[in-house]
Amino acid sequence: MRSAFGLLRSLWLYRRPGRQRGLRRFYAPFVEEGDLVFDIGAHVGDRTLAFAALGGRVVAVEPQPMLAAWLRRNLAAKGQIEVLEQAVGAEAGAGELQVSRATPTVSSMNARWTRDIGTHNPGFAGVRWDSRIEVPVTTLDRMIDTHGRPRFCKIDVEGHEADVLSGLSQPLESVSVEFVAGALDVAQACVDRLDKLGDYRFNWVVGEQRTFRWKRWRSGDDVREWLASGADGVASGDLYARLAS
C-alpha cells in the first residue's frame with residue numbers, strides 16, 4: 001500500500017500538466033533529433049519523455065521494480081525509449097538498494113547517504129528507508145559498449161552520483177548530476193571525476209527549476225570553491241557539465 005501511494009505521489013509531482021513543455025525547452029540545447037541519451041535514475045520518466053520528445057533515443061535506467069515495470073508499461077511502447085531495470089555504479093555486479101516506499105524518489109544505493117542525510121538536511125528528516133532489495137548493477141562504460149556513446153547523460157541517484165561517474169572512463173559531451181545540501185562532498189567528487197575525464201565547464205539550477213543560475217559557465221575550480229562555501233545555501237539542485245570544446 002505504501003509503495004502504491006509513493007508511486008502516485010511521484011506521478012503527481014513529476015507528471016503534472018504543463019511540466020513537459022518546460023522540460024523540453026530547457027533540454028533543447030542538450031538533445032537533438034537522433035541523439036542518444038542516458039537517463040540514470042529515470043524514476044517516473046518525466047525527463048525520459050522530454051528527451052524522447054526532442055527526438056532523442058533514450059536508455060532509461062531504473063532499479064526499483066515497481067517503477068521499472070511502470071516505465072515499461074507506459075514508456076517502452078514509444079520506439080525510441082528502452083527501459084533497463086538495474087542500477088549503475090563503479091563496478092558491474094549486484095548491489096543493495098535502500099528503498100523508501102512512501103517516497104521512492106529518494107531511494108538510494110548509498111547506505112552512508114541514507115544513514116546521514118536526515119541529520120544534515122532537514123528536508124530528509126522524516127524520510128524512512130524501510131526496505132532493502134538486491135539489484136543488478138552495470139557501469140556507464142558497459143552501457144556505452146552496448147548502446148553507444150550518449151550526447152547527454154542525466155544522473156539523479158540520491159547520493160550515488162559519484163559512484164556512477166567512477167564507472168566512466170571517457171568524457172561525454174554533457175552530463176548532469178543532482179546535489180543536495182548536507183552531502184555536497186558527493187557533488188565535489190563528481191566535479192573531481194569529470195575534471196579528470198575532460199575539460200568541462202559547469203552551471204547549475206535550483207531544485208526543479210529550469211533556469212541556469214550563472215550567466216557564464218565556470219571551471220571546476222570555481223565550482224569546488226562554490227561547493228566549499230555551501231552552494232548558496234540551496235537545499236538541492238542539479239549541476240550541469242559540458243565539454244569546453
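The values are calculated or read from the model by the stated rules, or taken from the named source; none is laboratory data. Bear in mind that the values here come from a model prediction, so they are computed numbers and not experimental data. Note that we place each Cβ from the backbone using ideal geometry, even for glycine, and neighbour counts take in every protein chain shown.
I'd like the residue in the stretch 197-245 that is within 15 Å of LEU184 (Cβ to Cβ) and part of a strand (DSSP E or B) and, out of all such residues, is farthest from the chain's Cα centre (by Cα). Here the residue is PHE202. Residues in the stretch 38-63 that are assigned to a helix (DSSP H, G or I) and aliphatic (A, V, I, L, M) were compared, and the one that is nearest to GLU134 (Cα to Cα) is LEU49.
Within the stretch 181-202, if we keep just the residues that are touching a helix residue (DSSP H, G or I) at 6+ places or on another chain (Cβ under 8 Å) and of a type in the set (Asp, Glu), the residue that is surrounded by the most Cβ atoms within 10 Å (Cβ to Cβ) turns out to be ASP195. The residues of the stretch 116-133 that are of a type outside the set (Ser, Thr, Tyr) and closer than 17 Å to PRO104 by Cβ, listed by number, are ILE117, GLY118, GLY123, PHE124, GLY126, VAL127, ARG128, TRP129, ASP130, ARG132, ILE133. The residues on offer are THR105, THR48, THR114, and the sole one that is modelled with pLDDT of 95 or more and hydroxyl-bearing (Ser, Thr, Tyr) is THR48. I'd like to know if the stretch 183-196 contains one or more residues that are within 15 Å of the chain's Cα centre (by Cα), at pLDDT 95 or above and assigned to a strand (DSSP E or B). Within the stretch 183-196 (the criterion being within 15 Å of the chain's Cα centre (by Cα), at pLDDT 95 or above and assigned to a strand (DSSP E or B)), the answer is no, since none of the residues qualifies.
Taking the condition part of a loop (DSSP other than H, G, I, E, B) and among the charged types (D, E, K, R), does GLU158 pass? Yes, satisfied. Among the residues making up the stretch 33-58, those that are closer than 12 Å to CYS153 by Cα and crowded, with 23+ Cβ neighbours inside 10 Å are VAL37, PHE38, ASP39, ILE40, GLY41, ALA42, ARG47, THR48, PHE51, GLY56, VAL58. A count restricted to the stretch 115-131 and to residues that are part of a helix (DSSP H, G or I) and touching a Gly at 6+ places or on another chain (Cβ under 7 Å) stands at 3.
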